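Below is one structure, written out as structure tokens; comments come after it.
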């Protein structure tokens, strides 16, 4: 199970659209197929769509609708594929609108589960309450946001949090590598990062820039982490950030930069499963979540899917490149689900 395999369909669609737009002289913008079209074509990827209250499609097949974080997507997609192999009567649709974009659909009652790479915000929780949506939070993995550069970059061996802040903070005037370190090339830095609907964007700006959402605007944003991978791998003087799994999947064409939480680059730590799990890769390690509409757990297919997710998903977490939960945290998460189901 690889990220490359789960993203092939989306990549083909976007590429075809780009060619059409290029021939017609249109501006190309990133897009994600809708769940309606995905359900018609039989795909398990795409944005969430409103579903009947019993979770059944027009042909009577049961559905589980998931949207949200592109970081959590590889885990949910891997679990969905395994689950559907033994539950052919259930269709699991997994979308990637970003954590914030997914919460908008979750709050509107359009999805059953929201993948999230950050905790729910107070205003999102308030909107859930206003709409009568009670939810549970389930931790599913640990991630280490990876700062990456092109493999041809032979000068940037490590970065401090202070340097990252100088580069990414609002109003940053840094445009060249030499402005971060005089010994580095006087070449323009090409920046790539998540867009503002992304939980990775929220977390990174909080721990690096000191305020959630505080970021420079002079960079190439995308909800699709594969777009960011292609951007950094294709530009010698580039830099970007995204989830650890996307770095691991593309390690042959990217280089992860060790990060120091102090002013001394000698203290820099590279993201690895060991440093992420052990808590030494700071401040960019973080938990990954599922948020579940509690009322919809009355549907057996959703309860069965989530039980399967927590029982089998930890093996898949490692396969797609994230770090498994500790035994105690996993047990607490499983108990939260059992209580919500009523077991």
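The values are calculated or read from the model by the stated rules, or taken from the named source; none is laboratory data. Just so it is clear, the model here is predicted, and its values are computed rather than measured. Every residue, glycine as well, gets a Cβ built from its backbone with ideal geometry; the counts of neighbours run over all protein chains shown.
Annotations
- Residues of segment 225-238 satisfying the condition of being in contact with a helix residue (DSSP H, G or I) (Cβ under 7 Å, 6 or more places away or on another chain) and either at pLDDT below 95 or surrounded by 22 or more Cβ atoms within 10 Å (Cβ to Cβ) (or both): 225, 226, 229, 238
- Hits in segment 270-295 (condition: crowded, with 19+ Cβ neighbours inside 10 Å and more than 21 Å from residue 75 (Cα to Cα)): 281
- Of the residues examined, residue 154 is not one that is surrounded by fewer than 18 Cβ atoms within 10 Å (Cβ to Cβ), part of a helix (DSSP H, G or I), without any contact (Cβ under 8 Å) to a residue 12 or more places away in the chain and in the same structural domain as residue 237 (by TED's automatic domain parsing).
- Single match in 308, 281 (criterion: touching a helix residue (DSSP H, G or I) at 6+ places or on another chain (Cβ under 7 Å) and closer than 25 Å to residue 203 by Cβ): 281
- Taking (1) more than 25 Å from residue 317 (Cβ to Cβ); (2) touching a helix residue (DSSP H, G or I) at 6+ places or on another chain (Cβ under 7 Å); (3) in a loop (DSSP other than H, G, I, E, B) in turn, residue 197 satisfies each apart from (1).
- The combined condition, being touching a strand residue (DSSP E or B) at 6+ places or on another chain (Cβ under 6 Å), outside the structural domain of residue 294 (by TED's automatic domain parsing) and modelled with pLDDT of 95 or more, is not fulfilled by residue 114.
- Taking the numbered list (1) out of contact with any helix residue (DSSP H, G or I) (no Cβ under 8 Å at 6 or more places or on another chain); (2) surrounded by fewer than 21 Cβ atoms within 10 Å (Cβ to Cβ); (3) closer than 27 Å to residue 241 by Cβ in turn, residue 300 passes all entries but (3).
- Unique residue being at negative phi and in contact (Cβ under 8 Å) with a residue 40 or more places away in the chain when the list is 136, 107: 136
- Sole exception among (1) in contact (Cβ under 8 Å) with a residue 40 or more places away in the chain; (2) within 22 Å of the chain's Cα centre (by Cα); (3) over 24 Å from residue 281 (Cα atoms) for residue 171, by number: (2)
- Verdict on residue 68 being at positive phi and over 21 Å from the mean Cα position of the chain (by Cα): no
- Residue 51 passes every criterion in (1) modelled with pLDDT under 70; (2) touching a strand residue (DSSP E or B) at 6+ places or on another chain (Cβ under 7 Å); (3) part of a helix (DSSP H, G or I) apart from (3).
- Verdict on residue 59 being at pLDDT below 95 and either assigned by TED's automatic domain parsing to the domain that holds residue 322 or in a helix (DSSP H, G or I) (or both): yes
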